[in-house]
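The values are calculated or read from the model by the stated rules, or taken from the named source; none is laboratory data. Remember, it's a predicted structure, so these values are computed and weren't measured experimentally. Because the Cβ atoms are built from the backbone with ideal geometry, glycine has one as well, and the counts that use them run over all protein chains shown. Note: accessible area is taken over every heavy atom of the protein model, side chains too, but ligands, DNA and RNA are not part of it. Shrake-Rupley method; radii C 1.70, N 1.55, O 1.52, S 1.80 Å.
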Amino acid sequence: MSSFPLISHSRADAVVAWRNGLPINAARFISDVRTVAAALPPGRHVLNACSDRYAFAVTLAAAMVEQRVTLLPSTYTAEAVQKLTEFAPDAFCVADSSNDGIPLPTVRYPLDLNEDVTKTANAATSATFDVPQIDAQRVVAYVFTSGSTGVPVPHPKTWGRLVHCVEVAMAALGLNASRPCTLIGTVPPQHMFGFESTVLLALIGGQAFDAGRPFYPADVRTAIEAAPRPRMLVSTPVHLRSLLLSLDASHARLPELDLILSATAPLSQELAKQAEEAFHAPLMEIYGSTETGQIATRRTVEGDTWQLMPGIRLEWRDGQAWASQGHIETPTPLGDLLEPRGTPDSEGSTNAFALTGRTADLVNIAGKRTSIGYLNHQITAIEGVVDAGFFMPDDERPGVVTRLAAFAVAPGLSVATLLARLRERIEPAFLPRPLVLVDVLPRNETGKLIRATLKSLYEQHVAGRRHSIVPLTIAPDHPAYAGHFPGRPVLPGVVLLDQALSAISIAVGLPLSACELASAKFLSPVAPGETLMLEHRTLPSGSIEFEICAAERVVARGVVTP
C-alpha cells in the first residue's frame, strides 16, 4: 500500500507559509496540525470554513491525519448545507471567525492567528519534526458541484491523485521545490482553483503560501511587496482587470512578479498582455473543473491553444469532450465546448484543444460555477412561484462579468420579495439582474423552455431597456431649494441622485433597494425650473451608466451597480 507525505518539505526550517511578511516553518506547521487534530470533535466529515489560508491548510492537514474527510461545497447557503448534511449527517464545521450562520455544529480554530510567529515559528526542532504519511488511496476530500435537481453532487479526491495533479502542475508551470516560490492568492482556499494552486501546490510541491486573501487592489499590491521572491500571483480575470484599472487610475507601478496564474474564466489576450507588462512576468492560464481538477495550461499571449497536462486524455463522444486518466478519478464530461487541435492519435485523442464556448446549461460568473437547471430548481422551489426560468445573455466580453436574467410567474410576490427569498438559496453572483415578472412563460408543447424563446423574451423585456432617455421632473418649489442655498437656490446633489435612481429602478425593473450607487460626479449646478433629462444604458456587466443633462449641459454622471 503506497503513501505520500503530508508535506514535501524535508527540513524542519523550510518555509511553508508567510504571514505579514514573517515565515512559518515546516516544524511549526506540523506542530499546529497535531494541535488542531487533537481538538477535532467526533464526526468523520469536516466542513472547513477557515478564511485564513494558513488556518485552512492546518485544518485540512489535521483532518487527514485523523482520517477525516474535508467537505468543500460550492456554496454555504442554508439550502446547500441542508442537502450536504443528507450526504454527511455527522458533518461539523471548523471556522477561524464567525461562520456566517452556517447551520452546522461549529468549533473555532483553536490556535491564535495573531500570535507572534517570530517567537514560536522556529521553536520546534528537527528532532520533533516527523511528517505523517497519508495513504494514496484514501479519500481526503469531497468537492461538490450543484446538480440540476439542487442536490450537491460529491466528487471524491484521493490523496494519491491530488499528489499526482500537483506534480504535473509543477512541471507545467516550471516550478521547482529547490527554489520555492511564494504563492499569493486572491481566490479562497475552498475554491477548487485556490485549493489546488495555493494550498496543495505549497504542501505537496514544497512551495510557500501567503496566509492572507487580499481582495482590494491596494491589498494585493501590499501582499506582493511583502512576499519574498520568487513569487507567483494566483488570481482571476476579474481581479487582474481590477488591478490593472487601479494602476491606470493611480499611475503607480505594480511590484514585479515571477509568474501569474489565472483561472475560473478565459482571459483575453489583450488583458494578459497588459498584466505581463505591468508585473514584468509571464502569465499562464489553468483550465479545469471542480470534477476534474486542473487539466491544461496555456501562455495566453501566445495564442488560444491549450496544452493538456501529462497523462490526461481527451476524447469526443457525440461532440462532447470527455477527460480521463492522469489524476482524474473517473472519466468526466466537460461542461465547455472544446475543439481538438493537433494531430489525433489512433484513437482520436489529441493533446491540445481550443475553448470555443460553453454548454447551454453551465454558468460561470466571477469564478463561481453552477447550472441553469440548479438555479431554475431554486427559484421554482420558492413558495408562490408558479413558473420561472433563468437566462444567460450572449453579450459576453473578455474581462467583463455578464449577469443572468430571470423571468418568473409569481402572482402576489413583488420583485423585491422574490429576490430576498432567492438570496437565501443561491450565491449573490447568480442573482438575476434583472428579475422580470411575467404572466406566463412561453413553454413549448413538451413543456420545455427553449433558449431561443427565452432570448426573444429577454430582448422584449430587457434588451430594449438597456438604453433609454427619460425626463426627470423636479418641482421648482421643491423644499430642498429653500435651504440650499438662501438667495441662490441650487438643487442638492442627493435629491438629484435620488430622482435618478428612482427613474432607473422603474425603467430597468429592479427594486430601488437593489440599485447601489457605485460612483457619481457632479459637473454643474442645477437651478430651479431647469428641464432635466436622464440618459442611462445597461452594460454587459450588469452595471448601469447614467448621465443627467440640463439642455446641452451635463450636470452629473455616474454608475449604478444592481
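Shape of the stretch 131-260 from its Cα gyration tensor (a ≥ b ≥ c, root eigenvalues): rounded if a/c is under 1.5, otherwise prolate when a/b > b/c, or oblate? If you can, show how the numbers build up before the last one.
Numbers: a/c = 2.74, a/b = 1.43, b/c = 1.92.
Judged from the Cα gyration tensor, the stretch 131-260 comes out oblate (a/c at least 1.5, b/c at or above a/b).
Please compute the net charge surrounding ALA169, taking Lys and Arg as +1 and Asp and Glu as -1 over other residues with Cβ under 13 Å from its Cβ. So the environment of ALA169 carries a net charge of -2.
Descending by average beta-carbon neighbour count within 10 Å, the peptides 513-521, 55-63 line up as 55-63, 513-521, the highest first. Sorted largest first by accessible area at a 1.4 angstrom probe radius, with every protein chain in place, the residues ASP13, ASP52 fall in the order ASP13, ASP52. Full extension of the chain between HIS280 and THR561 yields a length gain of 97.9 nm, computed as 0.36 nm times the residue separation minus the alpha carbon distance.
In whole angstrom, the stretch 160-207 maps to an equivalent ellipsoid with semi-axes of 16, 13, 8, each derived as √(5λ) from the alpha carbon gyration tensor and ordered largest first.
Of the cross-linked pairs LYS83/LYS273; LYS157/LYS273; LYS273/LYS368; LYS83/LYS157, which ones have a Cα-Cα span greater than 31 Å in the structure shown?
Distance filter (> 31 Å) returns LYS83/LYS273; LYS157/LYS273.
Highest average first, the peptides 257-269, 414-426 ordered by how many other beta carbon atoms sit within 10 Å of their residues are 257-269, 414-426. Take MET192: with every protein chain present and a 1.4 Å probe, its accessible area is about 20 Å².
Just to verify a number: FRET efficiency for SER3 and SER524, C-beta to C-beta distance, R0 = 60 Å, to 0.05? Could you put the intermediate results ahead of the total?
Values: r = 72 Å, r/R0 = 1.20.
It comes to 0.25.
Applying a DSSP loop filter and a limit of 15 other Cβ atoms within 10 Å to the trypsin sites (Lys or Arg not before Pro) in the stretch 173-254 leaves ARG253. Per residue, the average separation of C-alpha pairs within less than 8 Å and at least 6 apart gives the chain a relative contact order of 10 percent. Once the chain from ARG108 to THR35 is taken as fully extended at 0.36 nm per residue, the excess over their C-alpha distance is 25.0 nm. Here each label is just a point 7 Å from Cα along the line to Cβ, and for GLU339 and GLN137 those points are 4.4 nm apart.
When the label point is put 7 Å from the Cα of PHE87 along its Cα-to-beta-carbon vector, which residues of the stretch 36-66 have a backbone N closer than 14 Å? Within reach of a label on PHE87, which here means backbone N under 14 Å from a point 7 Å along Cα→Cβ, the stretch 36-66 contributes 45-48. Tell me the carbon and sulfur percent of the accessible area for the chain, rounded to whole percent, probe radius 1.4 Å. The computed percentage sits at 52.
The label point for LEU517 and the one for SER502, both projected 7 Å from the Cα toward the Cβ, are 1.4 nm apart.
Sites listed here are trypsin sites (Lys or Arg not before Pro) in the stretch 19-56 whose DSSP assignment is loop and whose Cβ has at most 16 other Cβ atoms within 10 Å: ARG44. Accessible area ranking (1.4 Å probe, heavy atoms, ligands and nucleic acids excluded), largest first, for THR198, THR222: THR222, THR198.
A Förster radius of 45 Å, combined with the Cβ-Cβ distance separating THR356 from HIS478, puts the computed FRET efficiency at roughly 0.20.
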